[in-house]
Amino acid sequence: MLDSLHQVDNNMLAELGYKAVFKREFSLIETIAFSFSIMGVIASVSSTLSFPLVSGGHVGMVFGWLIPCLFVMTVAASMAELVSSMPTSAGLYYFSAKMAPPQWSALASWITGWANITGQITLVCSIDFTCAQMITTALAVGSDGSINLGDGPTYGILIAILFLHGIVCSAATSVVARINLFYVIINVGTTVAAIISLLVASGDNKVSTHDAFTKFENNSGWSNNGWAFLLAFTAPMWTLTGYDSAAHVSEETTNAAKAAPIAILVGVAGTAILGWLTLIAASFSLSSVPDLLSSTLALPMGQLFLDVLGKKGMLAIWSFIIVVQFVTGAAQGVDASRVVFAFARDNALPGSRYWKKLNSYTQTPVNAVWLVMVCAGICGLLGFSNAALTSLAGSAVIGLYVSYATPIFLRITSGRDKLVPGPFSLGKWYLPIGIIAVAWVSFICVLLMFPPAQTVTAPEMNYAVVIIMGVFIFAGLYWLISAHKWFTGPVRTVEGGSESSSTYDDKQLKMEHPASKSLEE
């Protein structure tokens, strides 16, 4: 049964233009676990609690999470439809190539690919940077404040984490797939434990339901309360990234045309719900937002657990949260390496011949893994800035969501009649859902380029725009000077042709989707 499914998957991949080079070790459950693990609910909420605290207090925590999650679901649904039709590790830049007009296909693919790689690498860095901050927070609490590590030691911890992730992400696909089941158990279990412990241990010290849901406090430095509240959206937008991972491991997935879209939708919905419940529990147990913001700990969530659970209770739950963040970074490292591999396979990166090589022993792109880790370490130098998390989170969200929205925009414009529907299809709803998704991404990308306050100094500046524009300027100049002459979009690697596969002919567009056909048979 599995052999026949794998044959269908490989035949479909060949029709998309690529030769199967990975072992299909991911099952449906493992693909869902992988997508879910990358978003790491409790660890992500713990990492980003400062954003809603500053930008609205209790209201920022509860509704600053809920509102973006509703819009993100439209992005996830649109992406799920695309990956169901074209399940390849090339993912988003491949979708853009197929949905764009022929004369713009290569450029659309180029822009999407570079945006996605930028977001992928900065997301690895931001996850591992906050993991380092969690470790310094635990050391400070465990030593009763006698150990307070500065920026230098924190950066050293970040490098050590990246090194460990490089080793983990270099493992064979079978190992990566199985270990994700452990990831998701730790992730969900710790999240549920955190919710229960906050609600139970806070006892009679809980705030009223009215305050938990409606008390607004603007500590951002922006004079306009409405604008301040919008900046709370940074937290859920940073958390709800990386779910395109299901597309990037689709060449390692059994029955990918069905498993990948399910993993995207379940991963995003599950993370959104559990994250909201966690923040509601935190809102009830939080008696003073200003006091929490004045904490000397690197992450305010650590102080909240310390206030509610005491030292031993905080260190117990915090140790599991560190594990969750570590495995989240490992999952994201795998995702980023697959994007680098796929883009290099299409000869789009400097030194592509090195990054598209598979290790002969593990059959995974080990060179691409270590490229990701080195680049993430360079991005980690922002850790010496007071606004490091704002800059890294903003860069990750903007880079990734630009790459998410580009193929969706092309789908609802030039690609309306080009998509060959897969097992998951939005039907006639693709247009309104796609319009909402693109509009939301356009809004959020502008929002996340703003600094956390109206008046900022150089160390407090949001450097997301510097990272994003730096990469786009490099990619733009690279395109104008050289790449436009040789980059033609996704390149066929199957036997029988080496020509670009960046367009469909009319006959192919009208074919029944092979995955749907095989399922009926």
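Observations
- Taking the stretch 92-203 and the helices (runs of 4 or more DSSP H) fully enclosed by it, the elements with 2 or more residues that are of a type outside the set (Ser, Thr, Tyr) and open to solvent by 20 Å² or more (accessible area, probe 1.4 Å) are at 105-142, 151-169, 173-201.
- Qualifying residue in the stretch 439-448 (condition: outside any helix (DSSP H, G or I) and closer than 30 Å to residue 51 by Cβ): yes
- Restricting the stretch 468-517 to residues that are of a type in the set (A, V, I, L, M, F, W, C) and either under 22 Å from residue 85 (Cα atoms) or modelled with pLDDT under 85 (or both), the residue that is most open to solvent (accessible area, probe 1.4 Å): 511
- Out of 245, 283, sole residue that is touching an Asp or Glu at 6+ places or on another chain (Cβ under 6 Å), buried (at least 23 other Cβ atoms within 10 Å of the Cβ) and closer than 22 Å to residue 191 by Cβ: 245
- Search result, residues across the stretch 71-88 that are among the charged types (D, E, K, R) and open to solvent by 10 Å² or more (accessible area, probe 1.4 Å): none
- Filter pass, residue 353 being assigned to a helix (DSSP H, G or I), in contact with an Asp or Glu (Cβ under 9 Å, 6 or more places away or on another chain) and modelled with pLDDT under 95: no
- Any hit, the stretch 18-34, residues being open to solvent by less than 10 Å² (accessible area, probe 1.4 Å), part of a helix (DSSP H, G or I), touching a residue at least 12 places away in the same chain (Cβ under 8 Å) and over 29 Å from residue 418 (Cα atoms): yes
- Scan the stretch 355-404 for residues that are more than 28 Å from residue 177 (Cα to Cα), free of Cβ contacts under 8 Å to residues at least 40 places away in the same chain and crowded, with 21+ Cβ neighbours inside 10 Å and the total you get is 0.
- Contacts under 8 angstrom Cβ, first residue in the stretch 299-312 being over 14 Å from residue 197 (Cα atoms), partner outside any helix (DSSP H, G or I), 6 or more apart: 299/49; 300/49; 303/295; 303/297
- The set of residues in the stretch 308-344 that are among the charged types (D, E, K, R) and in contact with a helix residue (DSSP H, G or I) (Cβ under 8 Å, 6 or more places away or on another chain) comprises 311, 335, 338.
- Selected residue (criterion: farthest from residue 403 (Cα to Cα)) from residues of the stretch 323-336 that are in contact with a Ser or Thr (Cβ under 8 Å, 6 or more places away or on another chain) and surrounded by 23 or more Cβ atoms within 10 Å (Cβ to Cβ): 324
- Those residues of the stretch 405-427 which are open to solvent by 50 Å² or more (accessible area, probe 1.4 Å) and not in a loop (DSSP other than H, G, I, E, B), in sequence order: 409
- Residue in the stretch 25-41 that is in contact with a Leu (Cβ under 9 Å, 6 or more places away or on another chain) and over 24 Å from residue 329 (Cβ atoms) present: no
- Looking across 343, 320, one residue alone is aromatic (Phe, Trp, Tyr), assigned to a helix (DSSP H, G or I), touching a residue at least 60 places away in the same chain (Cβ under 8 Å) and open to solvent by 10 Å² or more (accessible area, probe 1.4 Å). It is 320.
- Residue, nearest to the chain's Cα centre (by Cα), within the stretch 415-455, restricted to residues that are within 22 Å of residue 393 (Cβ to Cβ) and free of Cβ contacts under 8 Å to residues at least 60 places away in the same chain: 445
- Residue 8 vs. criteria surrounded by fewer than 23 Cβ atoms within 10 Å (Cβ to Cβ), over 19 Å from the mean Cα position of the chain (by Cα) and part of a loop (DSSP other than H, G, I, E, B): no
The values are calculated or read from the model by the stated rules, or taken from the named source; none is laboratory data. Computed from a predicted structure; not experimentally measured. Because the Cβ atoms are built from the backbone with ideal geometry, glycine has one as well, and the counts that use them run over all protein chains shown. Remember, those area values only see protein heavy atoms, side chains included, never the ligands or the DNA or RNA. Shrake-Rupley method; radii C 1.70, N 1.55, O 1.52, S 1.80 Å.
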